[in-house]
Amino acid sequence: MRLKPDFNLKSIYDISIFNLKAREAEAVFFDLDSTVMRSKSGVFAPETLEFLSMLSKHFKIAIISNNNNKKYIEKARSQVNFPVIGSAKKPDIKVLLKTCKDMNVNPAHCAFVGDRPLTDILCARRAGMISVLVDSISREQEKKTVRFVRWVERLSIKK
């Protein structure tokens with residue numbers, strides 16, 4: 001099934017370096033809002049910055065977002081030492097493939113981590129990447145309607 005991720009994890013913090021290395025990953029790309037940053041906050045949590053820093057010792061890292069607010073993307077970019085790219089239009093794969101080319105890595109050796117099956121996972125699968133679905137980093141603060149939509153969307157990945 002196209003929407004079934006290679007890994008379905010509770011959070012980004014459950015990502016296993018060992019599992020990604022076993023799949024020959026050289027780079028890990030992340031969605032921004034709700035994956036590595038509380039949606040619309042513009043600020044990374046200290047533990048997320050620490051986690052991304054640790055991961056960057058093993059993999060090339062990039063953040064690829066559909067958000068097209070240039071100031072917001074620049075604010076995120078100013079907090080990290082790796083590319084943060086906006087206006088990706090996922091599930092379109094052009095930005096993912098360009099990022100792979102810019103980082104000199106084969107898409108088959110990249111993992112894409114996101115919280116949405118219909119954008120992030122579909123995009124990863126279409127690009128030939130390892131796909132990692134995580135729950136929202138701010139799930140405890142999300143409205144019930146948002147949680148319901150996420151639940152419905154995840155029905156698409158069930159067998």
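For residue 89, state whether it is part of a loop (DSSP other than H, G, I, E, B), open to solvent by 60 Å² or more (accessible area, probe 1.4 Å) and under 26 Å from residue 16 (Cβ atoms). The answer is no for residue 89.
Would you say residue 78 is among the hydroxyl-bearing types (Ser, Thr, Tyr), more than 24 Å from residue 18 (Cα to Cα) and free of Cβ contacts under 8 Å to residues at least 24 places away in the same chain? Yes. A search for C-beta distances below 7 Å between a residue of segment 120-135 that is free of Cβ contacts under 8 Å to residues at least 40 places away in the same chain and any residue that is surrounded by 24 or more Cβ atoms within 10 Å (Cβ to Cβ) and not in a strand (DSSP E or B), counting only pairs 6+ apart in sequence or on different chains, returns 123/90; 123/96; 127/96.
Scanning segment 66-86 for residues that are outside any loop (DSSP other than H, G, I, E, B) and open to solvent by less than 60 Å² (accessible area, probe 1.4 Å) gives 72, 73, 76, 84, 85.
Scanning segment 107-121 for residues that are modelled with pLDDT of 95 or more and either out of contact with any strand residue (DSSP E or B) (no Cβ under 9 Å at 6 or more places or on another chain) or in a helix (DSSP H, G or I) (or both) turns up 107, 108, 109. Of the numbered criteria (1) under 14 Å from the mean Cα position of the chain (by Cα); (2) open to solvent by 40 Å² or more (accessible area, probe 1.4 Å), the one residue 52 fails is (2). Under the condition of being in contact with a Gly (Cβ under 9 Å, 6 or more places away or on another chain) and in a loop (DSSP other than H, G, I, E, B), the residues counted in segment 51-65 number 1. Mind listing whichever residues of segment 17-46 are open to solvent by 40 Å² or more (accessible area, probe 1.4 Å), assigned to a loop (DSSP other than H, G, I, E, B) and free of Cβ contacts under 8 Å to residues at least 60 places away in the same chain? Matches in segment 17-46: 40, 43.
The values are calculated or read from the model by the stated rules, or taken from the named source; none is laboratory data. All values reported here derive from a predicted model rather than from experimental measurement. Using ideal geometry, Cβ is built from the backbone for each residue, glycine included, and neighbour counts are taken over all protein chains shown. Areas reflect the complete protein model, heavy atoms only, side chains present, ligands, DNA and RNA absent. Shrake-Rupley method; radii C 1.70, N 1.55, O 1.52, S 1.80 Å.
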